[in-house]
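Just so you know, all these numbers are worked out from the coordinates, no wet-lab data involved. From a predicted model like this one, the values you see are computed outputs, not experimental measurements. Neighbour counts run over all protein chains shown; Cβ positions are idealised from the backbone, glycine included.
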Amino acid sequence: MEKFERSWQIMRASWDVLRQDKEILVFPAISGIALILIMASFVVPIFALGGIDTVQRIARHNGTVGNLVVLFAFYFINYFIVIFFNTAIVACATIRMRGGNPTVGDGLQASGERVFEIAGWALVSASVGMILRVIEERSKLIGRIIAGLLGMAWGITSYLVIPILVNERKGPMEAFRESARLIKKTWGEELIGGFSFGLIFFALSLPAVLLIAAGVASGKGFLAIGFVAVAVIYVIALSVVQAALQGIFQAALYQYAKKGETPPGFDREVLYEAITPRAFG
């Protein structure tokens with residue numbers, strides 16, 4: 001419950017920033033569309049080649065290395081798109097927190113000026129993602145546990161990388177080291193996330209489940225399709241808002257960790273408790 005309440009407070013403070021700069025929603029929307037197109041570029045050829053069976057034959061022919069190369073390329077492209085537009089979100093949020101009035105152009109310019117740093121961080125992130133996937137597949141149970149723990153540690157340690165790319169223009173590995181240093185200096189070691197936007201948005205997504213259930217229960221084709229369509233649109237809108245709020249919070253947390261300043265609308269104690277020491281025993 002404490003984690004839920006903290007997450008809600010963080011979301012409300014981030015929402016206040018988003019209300020002032022609704023154009024920030026453009027970035028996760030474009031990112032989502034781009035990711036769908038990338039997915040289609042990988043999926044459509046599967047059907048063009050004759051379905052899953054044909055793809056499996058090609059995969060066996062390519063061997064493990066060839067398949068890993070294709071998978072890595074998919075990871076890299078996806079990470080690059082997400083990081084590019086997250087950088088734009090953080091840049092706009094940073095401008096607002098400094099008293100400015102950002103535009104979509106400001107966000108795109110910030111990302112464009114850092115495109116090489118973004119590509120470098122996408123390369124690092126894709127590599128880590130691939131390693132975690134391999135670990136997970138080595139052993140279904142133990143591998144998932146290990147990959148989950150490593151993924152959580154990586155997520156916390158690298159949480160401030162994008163704000164550092166925006167504000168300090170450092171290279172990807174230098175930004176990662178600075179992110180780890182800031183988090184260790186501010187919150188110490190053996191940390192876990194003290195907040196979860198996913199928890200909040202899972203609760204907010206429940207109406208979509210009810211809509212789908214209502215559509216299925218109606219037993220009427222057009223009505224069911226209508227309910228499902230509304231549910232899908234609702235979930236997409238929630239995802240766009242969630243991505244925007246997370247980027248805004250990253251900018252706020254960086255400002256707190258780097259300068260010890262509390263951005264307008266955020267609570268200093270909540271920012272400190274957003275990352276908490278892990279409890280043992």
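Once log10 I(q)/I(0) by the Debye sum over Cα atoms at q = 0.10, 0.13, 0.15, 0.16 Å⁻¹ is worked out from the coordinates, which option in [x] -0.63, -1.03, -1.29, -1.39; [y] -0.62, -0.84, -1.05, -1.14; [z] -0.51, -0.88, -1.18, -1.33 does it equal? Among [x] -0.63, -1.03, -1.29, -1.39; [y] -0.62, -0.84, -1.05, -1.14; [z] -0.51, -0.88, -1.18, -1.33, the one derived from this structure is [x]. Taking the Cα centre of the chain as origin and assigning +1 to Lys and Arg Cβ atoms and -1 to Asp and Glu Cβ atoms, the resulting dipole is close to 340 debye. Over the chain, DSSP H runs of length four or greater, each weighted -39,500 (n - 2.57), average out per residue to a 222 nm ellipticity of -28000 deg cm²/dmol. Highest average first, the peptides 140-150, 27-37, 83-93, 196-206 ordered by how many other beta carbon atoms sit within 10 Å of their residues are 83-93, 27-37, 196-206, 140-150. Put simply, the amide H of Ile275, placed in the peptide plane, has neighbours under 5 Å in Gly194, leaving out anything fewer than 5 places away on its chain. Simple rule: put +1 on each Lys or Arg Cβ and -1 on each Asp or Glu Cβ in the chain, find the dipole, and look at Ala257, Val104, Tyr79; the Cα lying farthest toward the positive end is Tyr79. In terms of surrounding Cβ atoms within a 10 Å radius of their Cβ, Asp21, Asp16 rank from fewest to most as Asp16, Asp21. For region 95-158 versus region 206-256, the spacing of their alpha-carbon centroids is 23 Å.
Set Lys and Arg Cβ to +1 and Asp and Glu Cβ to -1, take the dipole of the chain about its Cα centre, and tell me which of Ala229, Val26, Val69 lies farthest positive. Result: Val69, furthest along the dipole toward the positive end. In terms of distances greater than 25 angstrom between alpha carbons, the cross-link table entries Lys170/Lys258; Lys22/Lys170; Lys184/Lys259; Lys3/Lys184; Lys170/Lys259 yield Lys22/Lys170. Among complete DSSP H helices in the chain, those whose alpha-carbon atoms stretch at least 30 Å along the helix's long axis and whose mean Kyte-Doolittle hydropathy reaches 1.0 are 26-48, 52-97, 115-138, 197-218, 221-259.
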